[in-house]
1. Could you tell me whether A:Ala166 is surrounded by fewer than 24 Cβ atoms within 10 Å (Cβ to Cβ) and under 30 Å from A:Met23 (Cα atoms)?
2. State which residue is farthest from A:Gly285 (Cα to Cα) when the search covers only segment A:35-69 and only residues that are surrounded by fewer than 22 Cβ atoms within 10 Å (Cβ to Cβ) and under 19 Å from the mean Cα position of the chain (by Cα).
3. Test B:Ser368 against the stated conditions and say whether it is within 14 Å of chain A (Cβ to nearest Cβ), without any contact (Cβ under 8 Å) to a residue 60 or more places away in the chain and surrounded by fewer than 20 Cβ atoms within 10 Å (Cβ to Cβ).
4. With (1) out of contact with any Pro (no Cβ under 6 Å at 6 or more places or on another chain); (2) touching a residue at least 60 places away in the same chain (Cβ under 8 Å) as the list, and D:Val234 as the residue in question, which single condition is left unmet?
5. Checking the condition over 14 Å from D:Val176 (Cα atoms) and without any contact (Cβ under 8 Å) to a residue 40 or more places away in the chain, which residue from D:Gly279, D:Gly308 passes?
6. Restricting attention to segment A:352-369, report how many residues are in contact with a strand residue (DSSP E or B) (Cβ under 6 Å, 6 or more places away or on another chain) and not charged (D, E, K, R).
7. Provide a single number: the residues in segment C:280-324 that are of a type in the set (Asp, Glu) and facing another protein chain (nearest Cβ under 7 Å).
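Derivation of every value follows stated rules applied to the coordinates shown; laboratory data play no part. Computed from a predicted structure; not experimentally measured. Backbone-built Cβ (ideal geometry, glycine too); neighbour counts: all protein chains shown.
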4 protein chains.
Amino acid sequence: MNPITPVPTEIPRTSSPLTQRTMRAVVKAQAGPGAEIREVPVPTVGAGELLLRVLRAGVCGTDLHIFEWDRWSQGRLRPPVTLGHEFVGEILALGPGVTEFRTGERVSCESHIVCNHCLACRTGNGHVCQNTKILGVDVDGGFAEYVTVPATNAWRAPASIPIQVAAVMEPLGNAVHTAFAGPLAACNIAVTGCGPIGLFAVGVARAAGAARVIASDVSPYRLDLARRMNADAVIDAAKEDFVTRVSEITDGRGLDGVLEMSGSPQAMRDGLAALRNGGRMSLLGLPKEPFELDWNRLVIFKGITLYGVIGRRMYDTWYQMDNLLGSGRLDIRPAITHVMPMEQFAEAIALLRSGSAGKVVLVPWGQSA
Amino acid sequence: MNPITPVPTEIPRTSSPLTQRTMRAVVKAQAGPGAEIREVPVPTVGAGELLLRVLRAGVCGTDLHIFEWDRWSQGRLRPPVTLGHEFVGEILALGPGVTEFRTGERVSCESHIVCNHCLACRTGNGHVCQNTKILGVDVDGGFAEYVTVPATNAWRAPASIPIQVAAVMEPLGNAVHTAFAGPLAACNIAVTGCGPIGLFAVGVARAAGAARVIASDVSPYRLDLARRMNADAVIDAAKEDFVTRVSEITDGRGLDGVLEMSGSPQAMRDGLAALRNGGRMSLLGLPKEPFELDWNRLVIFKGITLYGVIGRRMYDTWYQMDNLLGSGRLDIRPAITHVMPMEQFAEAIALLRSGSAGKVVLVPWGQSA
Amino acid sequence: MNPITPVPTEIPRTSSPLTQRTMRAVVKAQAGPGAEIREVPVPTVGAGELLLRVLRAGVCGTDLHIFEWDRWSQGRLRPPVTLGHEFVGEILALGPGVTEFRTGERVSCESHIVCNHCLACRTGNGHVCQNTKILGVDVDGGFAEYVTVPATNAWRAPASIPIQVAAVMEPLGNAVHTAFAGPLAACNIAVTGCGPIGLFAVGVARAAGAARVIASDVSPYRLDLARRMNADAVIDAAKEDFVTRVSEITDGRGLDGVLEMSGSPQAMRDGLAALRNGGRMSLLGLPKEPFELDWNRLVIFKGITLYGVIGRRMYDTWYQMDNLLGSGRLDIRPAITHVMPMEQFAEAIALLRSGSAGKVVLVPWGQSA
Amino acid sequence: MNPITPVPTEIPRTSSPLTQRTMRAVVKAQAGPGAEIREVPVPTVGAGELLLRVLRAGVCGTDLHIFEWDRWSQGRLRPPVTLGHEFVGEILALGPGVTEFRTGERVSCESHIVCNHCLACRTGNGHVCQNTKILGVDVDGGFAEYVTVPATNAWRAPASIPIQVAAVMEPLGNAVHTAFAGPLAACNIAVTGCGPIGLFAVGVARAAGAARVIASDVSPYRLDLARRMNADAVIDAAKEDFVTRVSEITDGRGLDGVLEMSGSPQAMRDGLAALRNGGRMSLLGLPKEPFELDWNRLVIFKGITLYGVIGRRMYDTWYQMDNLLGSGRLDIRPAITHVMPMEQFAEAIALLRSGSAGKVVLVPWGQSA
């Protein structure tokens, strides 16, 4: 054995290419409710990273939970952290080793920074990486003038994609992942829960050739948005019996698939009951707490397949979005109901809480909407 | 062991429920070119069968081959046989044991009568049954006033489906089987060969959410029909380089899938060359003779999946058609270019041979189009 | 429209080919606990049916439930009915229309008599037919000297398959369906619950190339049988922590798949916790009542696929069993712990209730074991 | 827009950690037949790379082609290049940024260095990356004392895996990829062509639960090795009719799958003819030149699926190998017929050319076998 000369295992981060040293950002500054707009340092750009000027950013239900400092947030966030995990930006600088992008390109971003070393990552299942860090949750995110992201997390969003759409490809990808987890074409599909991702899913299922897309919710406002996303039928689950209505709409055949977006135990039970035998339910909505199910009647005797959806297939889902949006087959703009200055982040959160919004998109400082 | 009383293993066929004893039909009367319109007995209806009044029937390229008495026909047909394997009819009578239909219902028919006993049949692969008999080829078919079919081969075609469409669900099912043999939604798909089934496939791929549907043929007439079926782009393979044009249309990405409908060696080679690595080609078109392929360059190094398509998935494909047509997502009427009296069968064959027709539908005697 | 001569829609059942008019059978004679050995008429053989001399029959947990007259039995059975849904027999006579079998052949039987007309049946999913009738539950079964079955439900069981194995291909098929519902080869698989079907599943997973097969139960007796079925490791869930032990056995990787055979809420939760992200759980065991699950932690965040298993794929599962048994890859005899006269049905039930048996096989009157 | 300070896009390669400056290697020194043992510089280790001491290396048919300087080699190689794309090594040093390995670990290596940026790479299909560079072909390989590889290409090969087995996981992965491209468990599988990868495939199919594994070749020597790999039956294709023999062995059912390892047109045609309808053929063997096929009879009418296999699924195949080898289910040692000093590379090539060898493994200078 020859003596070994040690080699460095760390590549130092370079300083920012900008002369500007600080920027404005929406920061979770401390453990507790709320968030602040602060002046923070412009991020540095490390090996394999991109420095982006943020162009637009979407507000997510998770941001509401973080703002309200719910139990999940308390267990996960380590303030201070800049929020924002849905955004599109323009590339300002390339970190060392990045060759596949050029400055000036517009990119939308995958929020999951995965380890690339665990079994899930090594076998094409990065969406369930055991060591995932999330932009805007675990590391600084895109509610800011600038952000750095791993180049692997960037996906070109050319000018043909409207900028507010490019801003929300991350949650759109949740909808695509959920919808594409089973057959859609020529199928009867229900989307249970019409928050922004549910609304996107209505559009995705339509674009992907579902025979009938049925949307359900308990909010007339959201059901109206579902109609604008071209749902073939909507069910007000507060007033109508879901299973009965589905049977009517499908001539008694039932559903081939359910895209569960509500996290509601009742929606899940109703969805399972309305599935035809052998159907599938894909679960994206997060229940608030454990709940019980009549497994025999709703799952086993019916030969149902259930699939838990987290994140986006990396990066199959992005390729699919690219094709859906680039071809014009999918238009999610009816579900984007508000565009407002990032400065008004608190108002955006209030709007979300009120339930009278679809997707809300923020415009950073110094840019016009 | 107790002595065994023998039991009958054959159920006698009943006589026809019609007072009419004979009917007109297009009959391959003898080994050799041509076909005749003849007066033949009205068929009897056996156990498990339906007696149908034929409402409309489609003419297929196979009928042309049979008319011309090509080598395949010589090896397969045993004249006399009534031709016609694509048709829709009204149920006049139910054979013994049939409980799932009522008289008066309108049904389209699967042409493959399968044995239900071979390994393929027993494992959900009836489309490759080793003992298949085909209506209008091996047993009397639907170019006639009446026809009997096994009840298992009938699929309800309600009034919401236009009658000329219901007539050609059999070849439409070829298109659906081919298209649905791999991913379609958000994919770049080419259909090589725009005969009637290719034209149907253009519509199917569009309805099933393909991002871009590219149709190729060497006939301007057929390419025009492809445009009317909403192809996103058409390629005249006689004048344009297929691979170059596909690359342009797909921004260099290539095809995710090819639906091969021409049987042309060049189309198949071009299709493989234009596929992205890891893509799929589904083969329905029948080459006239064996031909060679550069397996390494076109299949192995690219990680391609090839799938040979025969018939229709029994009866998944019919359920898919039902949903595609019933929901209005798919309209194949632009591909049905001619409706003519069954009496003019010879003219229909001439029309097909001329290449200046899409799908031709025939109207039996005593009915108006 | 011509006048229609009515045709019969019912084929009369023929009388039995046996001179013997009555036979002994285990009959659920009335609503309430218990079952009786009775003299009943030898069944007649209808169109499409086979008359079998029963050679061996397996006793199932369901028979125990029927004997004890649990809530499910009360809702489902309509006494009197001859019990027994697992059996092998010799063909004594063929009903009208049966051509694919000959007398003297030995056949094992699928217990689900499906309608062949519903959507599930028409699309290759007969195992979830909405109109299933079960031999020995809804119609007279195989705890008798003779039984009639639809010819479609018979599967040849040649002499190379031991007769007690041929008797229990129905429950073995449950194990195969469950195991084959996801990847097995090169996978880490756990079987939770080592009743007879769980024990069979251990053997099936081994034969199908699972890298490690881990069996769990709370009964040392059953765990010992699991060892004899060649489980690589066993976990006594009453004494050991399932998740910890799995982690040790799999070098921290977790399970690729769980075959849930216990119906125990704790087994299901533990199984989900021990699955690697992206793994699958196939559910055959029937929980006694609804129970709750932490969906977020155990299913959604992990990207798990759950599949409810009922019956056997018709007849893919039977083909798979045929190959597994015929090739000698699978030997389930260690799980068949008792062979006893059918006359001792009550003793067999008592044995099952005691928990000190694997699979129990019964020998009809007049035959030696 | 702020002025941008340029950042470096290249990370400089560090010098070797070894004091030793040169090493011996098998080098393709110039365009033309042959190869030389040369003294060359010890490679430097760049960012994300590992420096390995080579422990064992396998000789591949491709090395024979390179040695003989066939047309493919002439088009692809740019001498001088160190040969060798199958090897196992011990980690001597970690390049900058590598955190997932430690020095002293033993790793086997994936030979395909993929770009991680093309569509194939981004969607989990790195095996068909459009920009693949191959170790020992496009960049310096492992027929040397030392080699550098990207850390992403290394897979831990613990001491429980025999060192000569760890040396040939790359070609073993070809066999696993081919075999696992379709169903194996309970299937009748043929392996056509019993070179080293074919021999491995026999073992893999057995380990993965194939019901019957049939091996064919024209060399009695190789068929004997196939027997030692536990083929259930062997067919000498030079003397026996493949299709007839398969029919006998499978009781007339035919093959569920063919693993084509020979590149022989006759083997491919025979394999297709012997497949049951609906079966699959996975193609790894490279035909010497284009050849023709009767597509209708052999592929389309039979509903066959063909799949072109290149490389290994990255890294699903490695995980599968890990489990197959680590669990002891698979033992490929009977197929490794020779272990010889790397100094005798020319003799190893001669041995391969003679056809009287299975897999040949080389031992680098300064190590004992």
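1. So A:Ala166 fails the test.
2. A:Leu55
3. No, not satisfied.
4. With (1) out of contact with any Pro (no Cβ under 6 Å at 6 or more places or on another chain); (2) touching a residue at least 60 places away in the same chain (Cβ under 8 Å) applied to D:Val234, the lone miss is (2).
5. Only one candidate passes the filter, namely D:Gly279.
6. Result for segment A:352-369: 9.
7. 3
So that you can scan it fast, the table gives a plain yes or no per residue for (1) aliphatic (A, V, I, L, M); (2) more than 14 Å from C:Val137 (Cβ to Cβ); (3) in contact with a Leu (Cβ under 8 Å, 6 or more places away or on another chain):
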site	(1), (2), (3)
C:Leu51	yes, yes, yes
C:Arg56	no, yes, yes
C:His65	no, no, no
C:Ser73	no, no, no
C:Leu77	yes, no, no
C:Gly84	no, no, yes
C:Phe87	no, no, yes
C:Glu90	no, yes, yes
